[in-house]
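The values are calculated or read from the model by the stated rules, or taken from the named source; none is laboratory data. Just so you know, these numbers come straight off a predicted model, no measurement behind them. Heads up, the Cβs are rebuilt from the backbone with ideal geometry, glycines too, and the neighbour counts pull from every protein chain shown. Protein only, heavy atoms only, side chains kept; ligands, DNA and RNA dropped before computing areas. Shrake-Rupley method; radii C 1.70, N 1.55, O 1.52, S 1.80 Å.
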Amino acid sequence: MCAQHPHPRSLRRSLCRRHSAAAAPQKTACGECGTVHRTFYDQSTRKVRDLDCGGRRIYLEFSVRRVACWRCGAVKRERLDWLADNPHFTQRFAIRVGRFCRLATIKDVAEDFHLDWHTVKELDKQYMGEQLARIGQPGPEVIGIDELSIGPGHTYRIVVSDLIRRRPIWFGGQDRSEASLDAFYSWLGPKKSQRIRLVVLDMWKAFRNSTLKSEHAPQAQLIYDKFHVMRHLGEALDKVRKSEYARLSGSARSFIKGQKYNLLSRWENLHQKGRDALKLLLAANKRLNTAYVLKESFGQLWDYNTPGWARRFFDNWRDSLKWQRLRPFEKFADLVERHWDGIVSYCQEDNKVALGFVEGLNNKIRVIQRKAYGYRDEDYLRLKVLTCTLPKR
């Protein structure tokens, strides 16, 4: 027979070999430990929800296997990478739900996708967990430390941020004590803790003591946050305002009443009406005028690039307090003197880091809390905080 036309028997054997190769069992990975098996225990039909199309819900129906895993010692479902941790949904559907949860509340997302509230929450937690897994373990060089109030009764948690990558890296602790911050350095590990170069924090003694421990980051240079220092100065100005209001009586009080916001705000942040009212107040009260000028001028301290010039500026500013009878400002000057090393550290050229990120992160977290009217699940709040600055994927 011609070579171009094989014998029917040989053609039948070739087709049988192809059919047997196609019907050979595929390798199946255990969904628990990932061990690959050549055989499977059984299989069943499953239906999962996928991305909607044309305003209609889409479901995929397929066969899923189970394997008798010798490593786990039990029968486990196979691993399918395109399925979410919740086996009723695909991975891309879970990502879509998680992205919507960044913009809206769980209740709104559940109504739009026709899902249960708890289902949306679990899919959102999976989405945020995948985000954290993709960025890996942090190794920061410059960190910012601040406390966050999460409930009544002085319930605090500590938030630590990477100021170079501009993202939070740790949320935890039981309060704002030294032991709570010790938990962060234990989580980070001694090797990475010793690579920290700068630590931005407020003047809370517990944070300072924990950071400078020999097993943590004693080599790090401390920088006291500008916004916390200026907050103390604002409180001193407000005390002067209250004392002047108590000293005066009658129509003389009308210049001071309702001017707290205008006094504590920066001049460039005021609208025209506020500026006119502030001009009238400062012209009518000499002590408040002096206190306001001192408050506005103190912000120049962080503009210097050398510690020597910064020290000269502070000495001149403190000398201007003489004979002014501004006791709250004198107490503030003593506070700055006691913490001078941490304040002047920012005036070095290599230490010009983003001091406003920590305060901006606190505002972002407060918005997250208000949007959900608070969180009962602290682990869910932790994931929200750690992923609030990460890009969408």
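Using 0.36 nm per residue, how much length does the chain from Glu32 to Ser63 gain when fully extended, once their Cα-Cα distance is taken away? Walk me through the intermediate numbers first.
On the way: separation 31, 0.36 × 31 = 11.16 nm, distance 1.84 nm.
Extra length available between Glu32 and Ser63 comes to 9.3 nm.
At a Förster radius of 30 Å, what calculated FRET efficiency corresponds to the Cβ-Cβ distance of Gln348 and Arg327, to the nearest 0.05?
Result of the calculation: an efficiency of 0.40.
What ranking, highest mean first, results for peptides 379-387, 41-49, 185-193, 139-147 when packing means the other Cβ atoms within 10 Å averaged over each residue? Intermediate results must be reported in sequence, preceding the final value.
Details: 379-387: 19.2, 41-49: 13.1, 185-193: 15.3, 139-147: 21.8.
By packing density, highest mean first, the sequence is 139-147, 379-387, 185-193, 41-49.
Lys and Arg at +1, Asp and Glu at -1: add these up for the other residues within a Cβ distance under 12 Å of Val64 and post the number.
Here the charged neighbours net out to +4.
Quick check: pseudo-label points 7 Å beyond the Cα along Cα→Cβ at Arg92 and Glu337, how many nm apart are they?
The two pseudo-label positions are separated by 6.8 nm.
Please state the relative contact order of the chain as a whole percent: Cα pairs under 8 Å, 6+ residues apart? The partial results should precede the final answer.
Working: 488 pairs, mean separation 45.7, N = 393.
Answer for the chain is 12 percent.
Starting from the Cα-Cα distance between Ala183 and Trp70, subtract it from 0.36 nm times their residue separation and give me the gain in nm to one decimal.
Working: separation 113, 0.36 × 113 = 40.68 nm, distance 3.83 nm.
Full extension from Ala183 to Trp70 adds 36.8 nm.
Hey, rough spin-label estimate for Asn269 and Arg134, points 7 angstrom out along Cα→Cβ, what's it come to in nanometres?
Going by the 7 Å Cα→Cβ label model, 3.5 nm.
Would you mind telling me the share, in percent, of accessible area of region 270-319 contributed by carbon and sulfur at probe 1.4 angstrom? Display every interim value, and only then the final one.
Numbers: 1460 of 2740 Å².
The C+S portion of the solvent-accessible surface of region 270-319 is 53 percent.
Between beta-carbons, use under 10 Å as the cut-off and find the net charge around Ala220, counting Lys and Arg +1, Asp and Glu -1. Mind showing how you got there, number by number?
Values: positive: Arg195, Arg197; negative: Glu141.
After counting each charged neighbour, the total is +1.
Would you tell me the accessible area of Arg266, worked out with a 1.4 angstrom probe on the heavy atoms of the protein chains, in Å² to the nearest 10?
My reading of the accessible area for Arg266 is about 110 Å².
Would you mind working out the accessible area per residue for region 256-349, using a 1.4 Å probe, and quoting it in Å²?
Spelled out: the 1.4 Å probe surface of region 256-349, per residue, equals 58 Å².
How much accessible area does Met230 have with a 1.4 Å probe, in Å² rounded to the nearest 10?
Here the accessible area works out near 40 Å².
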